[in-house]
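To start, the structure itself, in structure tokens.
The values are calculated or read from the model by the stated rules, or taken from the named source; none is laboratory data. These numbers come from a predicted model, not from an experiment. Every residue, glycine as well, gets a Cβ built from its backbone with ideal geometry; the counts of neighbours run over all protein chains shown.
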Amino acid sequence: MKRATVSIAVGALLLGGGATAYAASDSGANGKQRPVPETVKVPEGNKHLATYRGEGVQIYGCANGAWALIQPAATLGHRGRAIALHSKGPVWTSTVDGSTVGAAAVPGASSPRPDAVPEVLLKANLNSGDGIFGKVTYVQRLDTRGGLAPAGTCAAGAQTAVRYSADYAFWSRSRS
């Protein structure tokens, strides 16, 4: 897929209502509670704020004959309404109040999923604004589906977008 095609596909996802109706809760998108792997559990002293369903793409580029992640591009939603945009960083920006959280993967905090990008735990390293993401301390990417890089070699400069979905759980410090 050429760069222009990727841009159009990403734009359509972000503007075209890529959000899935999903209630903020501790249960997965199918409504059933699924155990969280130990490796991606949030440390004690944090409380769950909300969980939103993310729908979008993982964008890959070809480097040295292999696919490498460039960035995610997804919309997170709640009850059919877009709540946030997820982009390179990784960063989540509220479409409701403009607040932002950026995060980095916690070393070793990853759990594989069949035919999907892994579940991960990320620790916030950037917060801005007083809104929903202003005080987030941790982000979990759970119940992932799709998003894996294509198999095999690729041509230098090629890009492709692979659909994925995940539940994103946001946490903040518990008040003592």
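Brief remarks follow.
- Taking the listed residues Ala82, Ala74, the one that is closer than 26 Å to Gln159 by Cβ, surrounded by fewer than 21 Cβ atoms within 10 Å (Cβ to Cβ) and hydrophobic (A, V, I, L, M, F, W, C) is Ala82, with no other qualifying.
- Matching residues in the stretch 106-120 - criterion: being surrounded by fewer than 20 Cβ atoms within 10 Å (Cβ to Cβ) and either free of Cβ contacts under 8 Å to residues at least 12 places away in the same chain or closer than 15 Å to Glu38 by Cα (or both): Val106, Pro107, Gly108, Ser110, Ser111, Pro112, Arg113, Pro114, Pro118
- Condition met for Val139 (among the hydrophobic types (A, V, I, L, M, F, W, C), in contact with a Lys or Arg (Cβ under 6 Å, 6 or more places away or on another chain), surrounded by 15 or more Cβ atoms within 10 Å (Cβ to Cβ) and in a strand (DSSP E or B)): no
- Filtered residue count, the stretch 96-132, keeping only those that are of a type in the set (S, T, N, Q), within 19 Å of Thr51 (Cβ to Cβ) and over 15 Å from the mean Cα position of the chain (by Cα): 2
Quick grid of which residues meet (1) at pLDDT 50 or above; (2) part of a helix (DSSP H, G or I); (3) in contact with a Ser or Thr (Cβ under 8 Å, 6 or more places away or on another chain):
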position	(1), (2), (3)
Leu13	no, yes, yes
Pro35	yes, no, no
Thr39	yes, yes, yes
Ile59	yes, no, yes
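- Scanning the stretch 90-105 for residues that are without any contact (Cβ under 8 Å) to a residue 24 or more places away in the chain and within 19 Å of Asp167 (Cβ to Cβ) yields Thr95, Ala105.
- Going through (1) without any contact (Cβ under 8 Å) to a residue 24 or more places away in the chain; (2) part of a loop (DSSP other than H, G, I, E, B); (3) not polar (S, T, N, Q) one by one, Lys123 falls short only on (2).
- Out of Tyr22, Tyr52, sole residue that is surrounded by 19 or more Cβ atoms within 10 Å (Cβ to Cβ), modelled with pLDDT under 95 and either part of a loop (DSSP other than H, G, I, E, B) or not acidic (Asp, Glu) (or both): Tyr22
- Evaluation of Gly89 against (1) in contact with a Gly (Cβ under 6 Å, 6 or more places away or on another chain); (2) small (Gly, Ala, Ser); (3) over 28 Å from Thr153 (Cα atoms) (one fails), failing number: (3)
- Residue tally, condition under 19 Å from Val106 (Cα atoms) and small (Gly, Ala, Ser), over the stretch 41-68: 1
- Scan of the stretch 85-107 for residues that are of a type in the set (Gly, Ala, Ser) and over 16 Å from Ala124 (Cα atoms), ordered by number: Gly98
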